[in-house]
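What follows is calculated from the coordinates using simple rules that are stated; it is not laboratory data. Please read these numbers as outputs of a predicted model, since none were measured by experiment. In this analysis, Cβ positions are derived from the backbone assuming ideal geometry, glycine residues included, and neighbour counts consider all displayed protein chains.
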Amino acid sequence: MPLWYEETFQGTRLSLEATETLYSGRSEFQKIEIFETKAYGRALALDDVFMTSVKDEFMYHEMLTHPALLTAKDPKRVLVIGGGDGGTVREVLRHPGVETCVMIEIDEGVVNACKEHLPMIGSAWDDPRLDLRFADGIDYVKNSDEEKYDVVLLDGTDPVGPGEILFAQEFFAGCKRMLKEDGILAMQSETPILMQQVFFETQGKLRELFGHVHPYFGPVPLYASGIWSWTWASDRDGHLDIDHGRAATIINGCRYYNDAIHQAAFAQPNYVRRGLAGL
Ligand code: SPD
């Protein structure tokens, strides 16, 4: 009997054939499932939405992380909100100059399940520079009086239901509050096709807070529509100015990201240009 996992998202339905269910549980926050798929290797779904897979996770995690870290000036303190599978902190901690990476994840259940069943994605859990805390990222950015960060990365779920707050202006303002002057925020900003309104609204909200806001694009085959966006935001310009010295060592270990991809990813299709011009 074939085993199928199905995601329903924004009027689309995507099914993955699985050979085995490795984990199925429910935390205080959500349903958590990890399964072995025929097409994408091991995959994680939260509340029936596909979050990551072994076969394509590198595209997403490298693109969320390296554009910000390689354009930041000597980043030492990095904050990651979300990212319970560990892929984002893995990429952050490949930067030797990073001294501290604080990760605020609300759901310990996701991290525990991923540690056990997706260790090939979260391969940096034992790095002594990682400060992993199970807490609410929204509270943290609103109330924390800790030292500010050079880079803040938002690796959240879709802005649907409880995830909506992760795309709220108040949350973005909190993230900015946690950045040093001229620090950089990078976030996953959804599919610009199926979540076009959210995508443009997000650009508008960030523009109200930051002097320079630049969306960038790339494929994530697992996600509905296949095309994904991330957004770089800062009060100083320089989204294309990679530190080539630091980049050389990082890019060697990347499977997707390189300096040509960096430049190309920020190119805006006409529908994006026109949408941004109308904001
Ligand atoms: N539609 C799925 C969007 C998921 C975005 N976050 C993925 C987390 C991977 N670390």
Based on what the data block shows, is P75 outside any helix (DSSP H, G or I), more than 16 Å from the ligand (Cβ to nearest atom) and under 13 Å from L153 (Cα atoms)?
yes
Could you say whether any residue in region 132-143 is closer than 15 Å to I104 by Cα and of a type in the set (S, T, Y)?
yes
Kindly state which strands (runs of 3 or more DSSP E) lie completely within region 1-70 and contain at least 2 residues that are of a type outside the set (D, E) and within 12 Å of the ligand (Cβ to nearest atom).
3-9, 12-26, 41-46, 49-53
Restricting region 139-167 to residues that are assigned to a loop (DSSP other than H, G, I, E, B) and within 15 Å of the ligand (Cβ to nearest atom), which is surrounded by the most Cβ atoms within 10 Å (Cβ to Cβ)?
D158
Please enumerate the residues belonging to region 81-109 that are within 30 Å of F35 (Cα to Cα), assigned to a loop (DSSP other than H, G, I, E, B) and more than 10 Å from the ligand (Cβ to nearest atom).
L93, R94, I106, D107
Only residues in region 204-216 that are buried (at least 16 other Cβ atoms within 10 Å of the Cβ) count as the first member; pair them with residues that are hydrophobic (A, V, I, L, M, F, W, C) and part of a helix (DSSP H, G or I), Cβ under 7 angstrom, at least 6 apart or cross-chain, and list the lot.
K205/F172; L206/F172; L209/F172; L209/A173; V213/L206; P215/V272; Y216/A265
Note on G226: of the conditions (1) closer than 22 Å to D155 by Cβ; (2) touching a helix residue (DSSP H, G or I) at 6+ places or on another chain (Cβ under 9 Å), unmet is (2)
Note: among V54, V78, just one is in contact (Cβ under 8 Å) with a residue 12 or more places away in the chain and farther than 20 Å from T37 by Cα, namely V78
